[in-house]
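Since every read-out is calculated from the coordinates, none of them should be taken as a lab result. What you see is a predicted model; the values in this text were computed from it and never measured. Note that each Cβ is placed from the backbone with ideal geometry, even for glycine, and that neighbours are counted across all protein chains shown.
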Amino acid sequence: MNEIINPYGQPIITVETEFCGRTLSLEVNRVGFRSSASVLARYGDTVVLGTAMLSSSVIQGLDYFPLSIDYEEKFYAAGKISGSRYIKREGRPSDDAVLIGRLIDRPIRPLWPKGYRHEVQGIATVLSMDPDFRPDMVALIATSMALMLTGAPFEGPVAGLRVGLDQNAKLAAFLSQEQLQAGGLDLVVAGTKDGVMMVEAGASEVSEEQVAEAIAYAQKAIQPAIDLQNELLAKLKPVKQEYTLVLPDENITQMVDTWVKGKLGANLRLPYPERNDLLKSLRDAMHAELTSKVEDYEQKRNEYDEAFTLAVHKDVRAGILSDNTRPDGRKLTEIRPLSSEVGFLPRAHGSSLFTRGLTQAMNIVTLAPLSYSQSIDTMETSGERRYMHHYNAPGWTVGEVRRLGSPGRREIGHGYLAERAIMPVLPDVNSFPYAIRSVTEIMSQNGSTSMAATCSSCLALMDAGVPITAPVSGIAMGLMLEGDKPYILSDIADAEDFAGDMDFKVAGTTKGITALQMDMKVHGLKVEILAQALTQAKAGRAFILEHMLKTLAAPKADLSVYAPRVESIQINPDKIREVIGKGGETIQKITAETGTEIDIEDDGTIRISSPNKDSIEAAKQWIQGITAEPEVGKIYENAPVVSVLDFGAFVQILPGKDGLVHVSELSEERVERPSDVVKEGDRVSVKLVAIDDRGRLQLSMKAAQRELKNSSSKAK
């Protein structure tokens, strides 16, 4: 076989290894000739193109690293065409694609040197998708490899694994979505050769010990994928990029450190409102004093400002590492002051306000019939989303002027984490047939708004009368490392987050964890440290949950008077057409006249919703009348006489179901003319005595009167 050569005269190079039961291969020089680097990663039938672009010069004027990581779903990868009637081209990324982009970004971002200001872009494009597992971790490997091949100072490689429990409750990787859901654990771990960089999980009340075991399992299992990247790197030997780091001016840093000496430390260990005000005054005082002393101060004002921020971060670390005292004076395990309330929005179906220190989250729950569920149409899944958690955090919540717009990646990620925390405790659709929208409006930010969103949404759901199986609380934890010694902080605030080495959020019930998200700012952590942090977080979650249950101990027994009631009835599926009617005429008439909303499923389940119980009952009786079958021996009361003939009268016992009362069955006495006894439009009681072989109904007023009279006598 001839060697394949690309247009640049380069041979196509492939490396492969055994990885969790299948072959993982990485290939270069086949596609993407104009990119800084491109890699095709194959695993099973999944093929992902990882591309990286790198600017050759520093982007001037930036005070952050301009890295962007994106994940692109392609419907053709799954052999699908979008279900949208009007839009078939892939457009705005789905929430799933945004979340996977964040999943890839988080372990990669910390592995670049501080002060690196070259623009970097990594894109993972799914070209083919094996339906047996999710393609996101293959995408992470492809992106990592592409970045490594640019020659940039990326301190990878990284790899990741999605882990769950198989049918034997054993840890396993690359399970299907159905298997992950059935096993009750869906955990993603990304790391380097030496440590864990990122963890994210959804779980059905899984213990801290099980989660720690799963993290250790995944960290060990990703090593072949890391070794494979290093093998390809050794074969290609990419040219190292020349770069310049934008670092603080040492003279400016020294001048600011000298100015703040003696002004930080114990002087600032105050609750956050006072601490923040004092820091602002101190910053303003520094600018005012140094402006008069430094000739070109205004031109470099931002550099002095950054140096002041850096000095504060160093002071925060020093206080924790040397004195075990946090910026606001708290102990390492101490939780900020808590307060909460429910039901303060009069027209909302459920509402709550949860406050922890300066972080405050308002949550509003709205209930609706299941027909209001969100339709999902992505590369991986098609279906409906019954529970929706949306998170909003405008600029004023952090004291900034910021234009309002659609939610960004952070808002989508925080909302999803809080949604994932609640999902395992929601009632099933049969016992609570509602679509549920939970909206968190952040009122103030000072650390861990996603966990405040979790706590506030739980309270609002209980206020709405949603019968959750257990209450959920969440907490954000932090970590600072001094050598090998970890200092674990419960309920971190912004100052500790910025100065720390890790932040992670964990939510759950008294039984176990329901959601988890860990991000490292150092180059990997040992699993033993993460396990210790999980144990400390459990105590913090319990403390917060105890406070929440003092506000509302259990879901309210009744729904809000403004919430729709939903009742279900079951009919013969063959009768669905009769309920809908020609062109929807019957169902439209029922909803219009009763003021209800009606959803019909293929199995004959009919759900009727309205805030008014009488309206539901009217619609229910109407539908039951349409679908009911005549029962021999049953008495039908208040049945209308539809016609009177010489030989008897026809009476309607059910919609569209008329039967004959023969003249001999009109009364106990002899009747000469039926019109002497009944007239058209009269309401009478009849008994169905027989149905002949042609389906004709034989009715008797005489038998009905006799039976009703006997029943009345017995009652007396």
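Relative contact order, whole percent, for the stretch 247-369 stands at 22, derived from Cα pairs under 8 Å and 6 or more residues apart. Gain on full extension, evaluated as 0.36 nm per residue between Thr333 and Glu578 minus their Cα-Cα distance, stands at 81.8 nm.
Once both labels are positioned 7 Å from their Cα atoms along Cα-to-Cβ, the gap between Gln241 and Ser68 label points is 1.5 nm. For the pair Val401 and Lys679, the difference between a 0.36 nm per residue extended length and the Cα-Cα distance amounts to 92.2 nm.
Among Ser38, Ser281, sorting on how many other beta-carbon atoms sit within 10 Å of each Cβ, with the fewest leading, yields Ser281, Ser38. Counting neighbouring beta carbons within 10 Å and listing from fewest to most, the residues Leu310, Leu358 come out as Leu310, Leu358.
Contact order, relative form, for the chain: 10 percent (alpha carbon pairs under 8 Å, 6 or more residues apart, mean separation divided by residue count).
The angle separating the long axis of helix 95-108 from the principal Cα axis of greatest extent in the chain is about 20 degrees. The ranking of Thr258, Thr594, Thr551 by Cβ neighbour count inside 10 Å, starting from the fewest, reads Thr258, Thr551, Thr594.
Relative to the longest principal axis of the Cα atoms of the chain, the long axis of helix 701-715 makes an angle of roughly 70 degrees.
Computed over the chain, the P(r) curve from all C-alpha pair distances, binned at 20 Å from the origin, holds 14, 38, 26, 13, 7, 1, 0 percent per bin.
Taking the C-alpha atoms only, the angle from helix 250-260 to the longest principal axis of the chain is near 70 degrees. Sorting the segments 514-521, 261-268 by their residues' average number of neighbouring beta-carbon atoms within 10 angstrom, most packed first, yields 514-521, 261-268. Which FRET efficiency value, to the nearest 0.05, is calculated for Gln167 and Arg85 with the Förster distance at 51 angstrom and r the Cβ-Cβ distance? Here the calculated transfer efficiency is 0.85. A simple spin-label model places the labels of Glu178 and Asp132 1.5 nm from each other, with each point 7 Å out along Cα-to-Cβ.
Applying 1/(1 + (r/R0)^6) with r as the Cβ-Cβ distance of Ala592 and Val31 and R0 = 35 angstrom yields a FRET efficiency of 0.05. Compared with the alpha-carbon gap, the fully stretched path from Glu707 to Gln624 is longer by 27.4 nm at 0.36 nm per residue. Estimated purely from DSSP H runs of n ≥ 4, each contributing -39500 (n - 2.57), the mean residue ellipticity at 222 nm for the chain is -10000 deg cm²/dmol once divided by its residues.
For the chain, the Cβ-based charge dipole about the Cα centre amounts to some 620 debye (Lys, Arg positive; Asp, Glu negative; other atoms uncharged).
Note on Glu289 and Ala266: with the Förster distance fixed at 25 Å, the Cβ-Cβ geometry gives a FRET efficiency of about 0.70. Note on Leu345 and Asp257: their simple-model spin labels are 4.9 nm apart, each label 7 Å out from Cα toward Cβ.
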